[in-house]
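Report on the following structure.
The values are calculated or read from the model by the stated rules, or taken from the named source; none is laboratory data. Computed from a predicted structure; not experimentally measured. Cβ sites come from the backbone with ideal geometry, for glycine too, and all protein chains shown count toward neighbours.
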Amino acid sequence: MQIELNFGRGSIPLQLDKAWKATIIRKPLMPFEKDPKLAIQQALKTPINSLPLLEKARSKGNACILICDITRPVPNHLLLPEIISVLIKAGIEKSNIEILIATGLHRPNEGEELAQLIRDPWILQNIKVSNHFARNEKDHALIGTTTKGTKVKLDKRFVNADLKIVTGLVEPHFMAGYSGGRKVIAPGIAHQETITTFHNHKFMSDPNADSCILDGNPLHEEQLEIVSMLGEVLCVNTVLDENRNLSLVNYGEIIASHLEAVAFAKDYLSVPIHRKFNTIVTSAAGYPLDSNYYQTIKGMVVPYQILQPGGDLIIVSECAEGIGSEEFRKAQQTLVRKGVTAFCAEIAQKAYASVDEWQTQMQTKIMNVGRVHLYSTGLSAADHNLTGVNVIDNLDEFVRSRVINNLASLGEPSLAVIPEGPYVVPTLI
């Protein structure tokens, strides 16, 4: 039997013997919109805890639309034309509409990558599109301090806009519970100081800072408090099925509309599992999430609940762009040099996280459970050592060796396969 695992812009086959009785973990079949354009138009007319977008926009002189960066497969080519059409119809001049890419501390999206992100030539030619730069002090406004002590600085272009619109994708997020909504604002358009405060070890090590958890999640709570400082913010939320068809779109007040999208998505994204496995094979979800090793860690961490202690987690990820940022590279070097215990002890003393070290901290979460193995075609030989995991060169042979080992030691294969990676959260019940 052959299973296709998400890999790059396509897939990679995994050969499974029927005798292994592998458990294949997928989302339940999701409904999807047959006419996405019409669904978006209808959503903008039927708001949640707000007024239709046309009515909201009529009294506004300008608008700022936040979009996620290239690491999220948000269907911008479907959303943006409909949103902008309504804004123009309401009387907002094209020159007074700005699309702001919520990069957080990621790199800017420019050139061909920008065209790929927007996927609409008319918008690129007629609407201002800008990147957020978290390190540029002058671009940010201080709007308050949270009860947990985070100094909140956000991009002035959004803070000062008459009409504030967020777009995003609701999917599992291994720190914030779910992506989209409030997360597009913080860390999306937050200053570096703000991001590194609520991404420090204390926040990240909280057991509720986990996939599909909102109640008691300190990141989610911080994000909600940050959003409350901005006044009225509108949001267009999307949910995609396994084939990235539009399964749901809604619009309205940012918190209420995001929670409604989560309520729709949660029973599809979180899959109940009744046992643990000695071997798990998963993916980093394919492009764009598996474009580098930094993002790959999400796929490693999500299934930790169902991995037997001391078991093997095998992940496939193209990593066509290599390791990730230089800051992340340094964090990985420290992890490899000092080991998991010393690395975590060192960062636990810091009030501000170093940029991107939180991803390395999350990698230690799965390393504390079992052994991690990576199949990748994009990493250089030098970068293999920086992963901190075992890099393999033959997926089928390695999986077979693990299954045979399970048979010898356990008398059963004990194998689970998650083709879509971190877009599916196996939840032990």
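Here are a few things to note about the model shown:
- Meets criteria (outside the structural domain of residue 394 (by TED's automatic domain parsing), in contact with a Pro (Cβ under 8 Å, 6 or more places away or on another chain) and not in a strand (DSSP E or B)) for residue 79: no
- Among (1) under 15 Å from residue 64 (Cα atoms); (2) surrounded by 18 or more Cβ atoms within 10 Å (Cβ to Cβ); (3) acidic (Asp, Glu) - the single one residue 139 does not satisfy: (2)
- Residue within the range 116-124 that is over 20 Å from residue 289 (Cβ atoms), surrounded by fewer than 15 Cβ atoms within 10 Å (Cβ to Cβ) and not hydrophobic (A, V, I, L, M, F, W, C) present: yes
- Test: residue in the range 89-96 that is over 30 Å from residue 241 (Cβ atoms) and touching a strand residue (DSSP E or B) at 6+ places or on another chain (Cβ under 6 Å): yes
- Residues being in contact with a Phe, Trp or Tyr (Cβ under 7 Å, 6 or more places away or on another chain) and under 24 Å from residue 302 (Cβ atoms) - total across the range 143-192: 3
- Among strands (runs of 3 or more DSSP E) entirely within the range 213-310, having at least 2 residues that are β-branched (Val, Ile, Thr) and either without any contact (Cβ under 8 Å) to a residue 12 or more places away in the chain or in contact with a strand residue (DSSP E or B) (Cβ under 9 Å, 6 or more places away or on another chain) (or both) singles out 234-240, 270-273, 277-283.
- Any hit, the range 412-429, residues being over 26 Å from residue 272 (Cα atoms) and either within 23 Å of the chain's Cα centre (by Cα) or surrounded by fewer than 18 Cβ atoms within 10 Å (Cβ to Cβ) (or both): no
- Among the residues making up the range 194-211, those that are under 19 Å from the mean Cα position of the chain (by Cα) and surrounded by fewer than 19 Cβ atoms within 10 Å (Cβ to Cβ) are 205, 206, 207, 208.
- Among residues of the range 377-429, those that are part of a helix (DSSP H, G or I) and over 19 Å from residue 16 (Cβ atoms), counted: 10
- Unmet criterion (only one of (1) in contact with a Pro (Cβ under 8 Å, 6 or more places away or on another chain); (2) of a type in the set (Val, Ile, Thr); (3) closer than 19 Å to residue 242 by Cα) for residue 281: (1)
- Among the residues listed as 51, 44, 5, 14, the single one being assigned to a helix (DSSP H, G or I) and modelled with pLDDT of 95 or more: 44
- Only listed residue being touching a residue at least 60 places away in the same chain (Cβ under 8 Å), closer than 30 Å to residue 357 by Cβ and not aromatic (Phe, Trp, Tyr), chosen from 43, 63, 134: 134
- Of the residues making up the range 368-388, those that are in contact (Cβ under 8 Å) with a residue 24 or more places away in the chain and either among the charged types (D, E, K, R) or within 18 Å of residue 329 (Cα to Cα) (or both) are 371, 374, 376, 378, 379, 380, 383, 385, 386, 387, 388.
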